[in-house]
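The values are calculated or read from the model by the stated rules, or taken from the named source; none is laboratory data. What you see is a predicted model, and the numbers here were worked out from it, not measured in a lab. Glycine gets a Cβ as well: all are built from the backbone with ideal geometry, and neighbour counts include every protein chain shown.
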Amino acid sequence: MAEEIKKEENAAEVVETEVAEVKEPVEEKGIIEANLKDGLPDIKPGDMVKVHQKVKDISAKDKKVKERIQIFEGQVLARKHGKGVSATITVRKVVDGIGVEKIFPIHSPSIEKIEIVRSGKTRRSKLYYLRTAKGRKAKLKTREGKEAAE
């Protein structure tokens, strides 16, 4: 009996020390700065972009995990959540007459790079009307001059 009580006391001490280690403060600013990507282009709604995303493939035979880069090219409908770690862009493309949209976290480690193919001239920050627009109304004019160079 005495041995069991000692074991329980020792177990309680171990649990208390583990909890004490976890309670140490974590520097949030350091984590956020470490995850921010440098050299991202200034992406605006209306831009045609190529998003290079890392994708993991598992082969059926070998059960090996291979990583490849998949490119998603489309038009940026919206940019949300500012320029911080949680910033996202909504990209839309049409495949065989069906619209496909993806929301990409800009600073995600799975995003290899983002290229701007061309810039579109817009007067709105969210271009959700392009989902239902057909023909000429679905096309944006290209941005020219100083704005396109930036």
*Look at G46 and say whether it is surrounded by 13 or more Cβ atoms within 10 Å (Cβ to Cβ) and closer than 18 Å to P105 by Cα.*
yes
*Does T122 satisfy being surrounded by 14 or more Cβ atoms within 10 Å (Cβ to Cβ), in contact (Cβ under 8 Å) with a residue 12 or more places away in the chain and either part of a strand (DSSP E or B) or hydrophobic (A, V, I, L, M, F, W, C) (or both)?*
no
*Just for segment 56-84: of the residues that are of a type in the set (V, I, T) and modelled with pLDDT of 95 or more, which one is farthest from S119 (Cα to Cα)?*
I69
*Looking at A87, is it of a type in the set (A, V, I, L, M, F, W, C), modelled with pLDDT under 95 and loosely packed, with under 14 Cβ neighbours inside 10 Å?*
no
*For segment 102-109, state whether one or more residues are in a strand (DSSP E or B) and crowded, with 16+ Cβ neighbours inside 10 Å.*
yes
